[in-house]
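Colleague: My questions will all concern the structure given below.
Taken together, the values in this text are just the output of simple stated rules run on the coordinates, not laboratory data. Bear in mind the structure is a predicted one, so any value in this text is a computation, not a measurement. Here Cβ is always computed from backbone atoms with ideal geometry, including for glycine, and neighbour counts include all displayed protein chains.
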Amino acid sequence: MSEGDKILVDRAIKGDQKAFEILVRRYQGKIAAVISRLIYDPDKARDLTQEAFIKAYRALGSFRGDAAFYTWLYRIAINTVKNYQISSNRIPLENNIDIDAAADLVVPQLRDNNTPEKLVLREEMLKKLENALDTLPESMRSVIIMRDVSGHSYEEIAKALDCPIGTVRSRIYRARQQIVEEMQKYLKPST
């Protein structure tokens, strides 16, 4: 955990609300981005972001500092989303992935060729990629987003999801394989 976060957390635990407000401002954008990738409705994503920070404030006394504050907060956010989905009997909704990041992962050369044909092909390919992500089970979709879109380490993902690092690696591998299979169907020349 960074020294700045440690000081702020210690002060917030002792009742300094300004310290917690600084933590909220520091991580609100990241947590909102994570939640919005799992919840399609922007209003509900904002509500769940606020709810996650309220839960974090209430549980601040239980924060041990074993992991980074953001990792602890991330886990609270993911659990808040899961609880919402369970309580409303919803299956995980489609992901709101960053289109530019997805393009870089699959076919980076399409970014530089802005002919109308390439733009149409790129948009179609990205839609196929989004569809491939949507077909993944929630457990695989969340780890692939955390790793390949948000850039978290395997260790951070394992701590956030409270599962062994081997499970994280396995889910990421299987998710990537499934995405590759789906994209190969799209990219295979028709005969």
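Colleague: Starting from the 7 Å offset along Cα-to-Cβ, what nm value, one decimal, do you get for the label separation of residue 44 and residue 155?
Modeller: The two pseudo-label positions are separated by 3.6 nm.
Colleague: For the peptides 161-167, 25-31, what is the packing order when you average, over each peptide's residues, the other Cβ atoms within 10 Å and list the highest mean first?
Modeller: 25-31, 161-167
Colleague: Continuing with the same structure: Which parts of the range 120-161 would a label at residue 181 reach, counting a residue when its backbone N lies under 19 Å from a point 7 Å out along Cα-to-Cβ?
Modeller: From the range 120-161, the list is 128-145.
Colleague: Report the convex hull volume per residue for the range 3-87, counting only C-alpha atoms, in Å³.
Modeller: 88 Å³
Colleague: Hey, quick one: spin label on residue 16, modelled 7 Å out along Cα-Cβ, who in the range 58-74 has an amide N within reach, i.e. under 16 Å?
Modeller: Hits in the range 58-74 for residue 16 at 16 Å: 61.
Colleague: Distance in nm between label sites at residue 55 and residue 174, each 7 Å beyond Cα in the beta-carbon direction?
Modeller: Taking the two extended label points, one gets 2.4 nm.
Colleague: Sort 58-71, 33-46 for me by packing, meaning the mean count of neighbouring Cβ atoms within 10 Å per residue, highest on top.
Modeller: 33-46, 58-71
Colleague: Which of the pairs 6/55; 30/185; 6/159 have their Cα atoms more than 27 Å apart in this structure?
Modeller: 30/185
Colleague: Within 15 Å, Cβ to Cβ, of residue 51, how many net charges do the neighbouring residues add up to if Lys/Arg are +1 and Asp/Glu are -1?
Modeller: That works out to +3.
Colleague: What is the magnitude of the charge dipole of the range 12-76 about its Cα centre, with +1 placed on the Cβ of each Lys and Arg, -1 on the Cβ of each Asp and Glu, and no other charges, expressed in debye to the nearest 20?
Modeller: 180 debye
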